[in-house]
Amino acid sequence: MSRPVTLFTGQWADLTLDTLAGKAASWGFDGLELACWGDHFDVRQGAESRAYCEDRRALLDRHGLQIFSISNHLAGQAVCDLIDSRHEAILPPHVWGDGDPEGVRQRAAEEMKLTARAAANMGLSVVNGFTGSSIWHLLYSFPPVDSASIDAGYEDFAARWNPILDVFDEVGVKFGLEVHPTEIAFDISSAGRALDALDNREAFGFNYDPSHFGYQGVDYVEFIRTFRDRIYHVHMKDVWWSERPTRAGVFGGHVNFGHSDRYWDFRSLGRGSIDFEEIIRALNEIGYQGPLSIEWEDSGMDREHGAEEACAFTKGVDFPPSDVAFDAAFAEE
């Protein structure tokens, strides 16, 4: 049986959940991955009220849609980040508070604990999101960065996330980090180090998204095989990168997405450089049977056209694994 295809609602938070659910159903989606912003899912209400969770599920049911996870990237980002004015724009007022950086980080951590409880009340087993990072700004090692500073960043990550993950364990929910630039893990090497920092506790795994690997030169298929037991959720998102040098290289040149100078840009599924055939084969190899959740981003395409096209593309590229070797008929009795 093919995997369910869902739509991540984060890029659609300007629409009410009811409006978006109706559209998603008409585009052929099997379900939604609810973002914890806009009116799509309220973490505090979800943690405090099973009735609220039942209402969210009933709304999806009316449109014939399923749900497998919720995602709280925005609060998660603030747990480990060096907080500045940018975060005020993405955080709810009760998390931002007076903007004192350590206070913001602590309130963001509490928000992630509530997210775990809300997911449990929804009957879900996965929360996706970001972690933030106190050492992302040290990415390029000049002035030279000593190893102790990097070690301290992973120690800070573990100190801040272990108490959050204790709540995830308590309620039987797992956290899937979307490995991504600006996070504590942004490639295979740093993802392995993040797991090591947490002593490989099972509550922490990954929301796999190939679009953040390809343009970096990271082997996005090998990521699946390396972390085969930690792929808790999958985002389907495409990215294009140029075969020739460009005016703005991998680091982006401080130009916006969609700018013609860029070396790479997110594209609607099937229109970028990612080889989804190999991804599906690797997911089959590790036995992943969860949803394929489309995170739609393309600055050059109408999003409703893109979402419907991406749903059809994903259903077309997905296929179940074989339960028999193709040459089994030639085996001797």
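The values are calculated or read from the model by the stated rules, or taken from the named source; none is laboratory data. Note that the coordinates shown come from a computational prediction; the quantities given were computed from them, not determined experimentally. All Cβ positions, even for glycine, are placed from backbone atoms using ideal geometry, and neighbour counts span all protein chains on display. Just the protein is used for accessible areas: all its heavy atoms, side chains included, with ligands, DNA and RNA removed. Shrake-Rupley method; radii C 1.70, N 1.55, O 1.52, S 1.80 Å.
Rounded to a whole number, what % of the accessible area of the stretch 211-333 do carbon and sulfur atoms account for, probe 1.4 Å?
Values: 3200 of 6650 Å².
Taking all protein chains in place, the stretch 211-333 shows 48 percent carbon and sulfur surface.
Averaging the Cα positions of each part gives two centres, and for the stretch 167-242 and the stretch 28-50 these lie 22 Å apart. Surface listing: VAL218, VAL127 arranged by accessible area from highest to lowest gives VAL218, VAL127, probe 1.4 Å. Take every DSSP beta bridge whose two residues both sit in the chain; close to 15 percent of them are antiparallel.
A cut-off under 14 angstrom between Cβ atoms defines the neighbours of ARG62, and their net charge, with Lys, Arg +1 and Asp, Glu -1, is -1.
Listed by chain and number, the lysines placed with their C-alpha closer than 24 angstrom to that of LYS315 are LYS23, LYS237; residues fewer than eight positions away on the same chain are left out. Scanning residues 5 or more positions from ARG267 or on other chains, those with amide H under 5 Å from its amide H are ASP238, VAL239, TRP240, with H placed 1.01 Å from N in the peptide plane. Considering only beta bridges that DSSP places wholly inside the stretch 204-308, some 35 percent are antiparallel.
Computed on protein heavy atoms with a 1.4 Å probe, the accessible areas place ARG50, ARG107 in the order ARG50, ARG107, largest first.
Net charge of the neighbourhood of ASP302, taken over other residues with C-beta under 12 Å away and scored Lys/Arg +1, Asp/Glu -1, is -3. Dipole magnitude for the chain: about 460 debye, using +1 per Lys or Arg Cβ and -1 per Asp or Glu Cβ, origin at the Cα centre. The order of GLU110, GLU33 by accessible area, most exposed first and with a 1.4 Å probe, is GLU110, GLU33.
Taking amide H positions as modeled 1.01 Å from N, with prolines and chain starts lacking one, the residues under 5 Å from SER69 and 5 or more places away or on another chain are LEU34.
Please calculate how many Å² of accessible area the stretch 90-248 carries per residue, with a 1.4 Å probe and no DNA, RNA or ligand atoms counted.
Details: 6550 Å² over 159 residues.
Ligands and nucleic acids excluded, the result is 41 Å² per residue.
Of ILE67, THR131, THR226, whose Cα points farthest to the positive end of the dipole of the chain (charges on the beta-carbon: +1 Lys, Arg; -1 Asp, Glu; origin at the Cα centre)? So the residue furthest toward the plus end is ILE67. Straight-distance candidates among the lysines for linking to LYS113, with alpha-carbon spacing under 16 Å and chain neighbours fewer than 8 residues away dropped: LYS174.
Only protein heavy atoms count here; on that basis, with a 1.4 Å probe, ARG303 has an accessible area of about 60 Å².
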